[in-house]
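Visitor: Following this message is one structure expressed as structure tokens.
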Amino acid sequence: MQILVIEAVLLLFLIATTIAIIMCRDLLATIVMFSVFSFCAVLAYLMMGAPDVAFTEAVISTISTIFMVAALRKISRWCKK
Amino acid sequence: MGKPFGGVVLNSAFRVIVPFTIVYGVYVLTHGEFSPGGGFQAGALLAIGIVLARLVQGQDAKFNVKGKHAVMLAGIGAFIYAATGFLPLFFGGNFLEYSCLPVHMHEAAEVHALGILMIEIGVTLTVMMTIIDIMDALIRESDSDE
């Protein structure tokens, strides 16, 4: 029962983070929210019993955050309306 | 290390995180059969170490791999994978059939583990150098535009 509650909370976090990513106008904040989303996904994978996938997701989310910040230097930080 | 890192926080974080990341990457590579992990994760961890060094110290960091060398080492990693795969073909086996590798061990399982370790080393080298190469391309392009 407790496992089910934790999984439901994690999935709610995933949905809330996704809505925040879509709504946000600041691209740097979007990248940070994306790494939050990846962390919630890591926890969800761990809960579902796939530590290998969780490990890959953790490492790749770190790398992709660095990549997206490096790519953000080329474009402007605020997206247009 | 004659060059300062740019601040107390960066200095301490660099000296703590980067060696730990490198050692953990090697552990994940060599212990990947018994625990979660493997070639891809180990390569990404080792690449994180070098990318962090480049982020903190700039392009002319001491602990660094330049762009040309990164491409060359990625090719060498793919070559290690292909060589381990094609070697049993010359000793009467199929592609990637580890039990036909020309090494003599006590048990067949040890030869199997050795073959898997060679494959993982090739994957690790390729993934690590490809990530460093992508980072290099992103930074170089944004520098030339400004």
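None of the figures in this text is laboratory data; all of them are computed from the coordinates on show. Please read these numbers as outputs of a predicted model, since none were measured by experiment. All Cβ positions, even for glycine, are placed from backbone atoms using ideal geometry, and neighbour counts span all protein chains on display.
Visitor: Go ahead and run the numbers for FRET between A:Ile60 and B:Asn94, Cβ-Cβ distance against an R0 of 30 Å, rounding to 0.05.
Guide: 0.40
Visitor: How big is D for the range B:8-145, in µm² s⁻¹ as a whole number, if Stokes-Einstein is applied with the Kirkwood radius of its Cα pairs at 37 °C and 0.692 mPa s?
Guide: 199
Visitor: Grab the DSSP H runs of chain A that are 4 residues or longer, score each as -39,500 (n - 2.57), total them, divide by all residues and round the 222 nm result to the nearest 500 deg cm²/dmol. Could the numbers behind the result be given before it?
Guide: Working: 3 runs with 65 residues, N = 81.
Per the formula, -28000 deg cm²/dmol.
Visitor: Also: For B:His31, put the label point 7 Å out on the Cα→Cβ axis and report which residues of the range A:38-74 keep their amide N under 20 Å from it.
Guide: Residues A:46, A:50-60 fall inside that zone.
Visitor: Let me ask another. Compute the FRET efficiency between B:Phe63 and A:Met47 as 1/(1 + (r/R0)^6), taking r as their Cβ-Cβ distance and R0 = 41 Å, and round to the nearest 0.05. Intermediate values should be presented prior to the final figure.
Guide: Working: r = 37 Å, r/R0 = 0.90.
Between B:Phe63 and A:Met47 the formula returns 0.65.
Visitor: Taking other Cβ within 10 Å of each residue's Cβ, how do B:Asp136, B:Asp60 sort, fewest first?
Guide: B:Asp60, B:Asp136
Visitor: Could you tell me the convex hull volume per residue, in Å³, taken over the Cα atoms of chain A?
Guide: Values: hull volume 5.4 nm³, N = 81.
Convex hull volume per residue, Cα atoms: 66 Å³.
Visitor: What do you get when you divide the Cα radius of gyration of the protein assembly as shown by 2.2 N^0.38 Å, with N the number of residues?
Guide: Ratio of Rg to 2.2 N^0.38 Å for the protein assembly as shown: 1.22.
Visitor: Let me ask another. Hey, got the average number of other protein chain Cβ atoms within 10 angstrom for residues in A:60-70? Walk me through the intermediate numbers first.
Guide: Values: counts 4, 0, 7, 8, 0, 0, 10, 5, 1, 2, 9.
Rounded to a whole number, the mean comes out at 4.
Visitor: Mind checking B:38-46 for the average number of partner chain beta-carbons within 10 Å of each residue's beta-carbon?
Guide: Mean number of neighbouring Cβ atoms from other chains: 3.
Visitor: Now for a different question. Counting helices only, and only those DSSP H runs with n ≥ 4, report the 222 nm mean residue ellipticity of chain B as the sum of -39,500 (n - 2.57) divided by its residues, in deg cm²/dmol to the nearest 500.
Guide: -24500 deg cm²/dmol
Visitor: Averaged across the residues of A:47-56, what count of C-beta atoms belonging to other chains lies within 10 Å of each residue's C-beta?
Guide: Partner Cβ neighbours, averaged per residue: 3.
Visitor: Also: Can you give me the C-alpha center-to-center distance between the range B:98-138 and the range B:53-97, rounded to a whole angstrom?
Guide: 9
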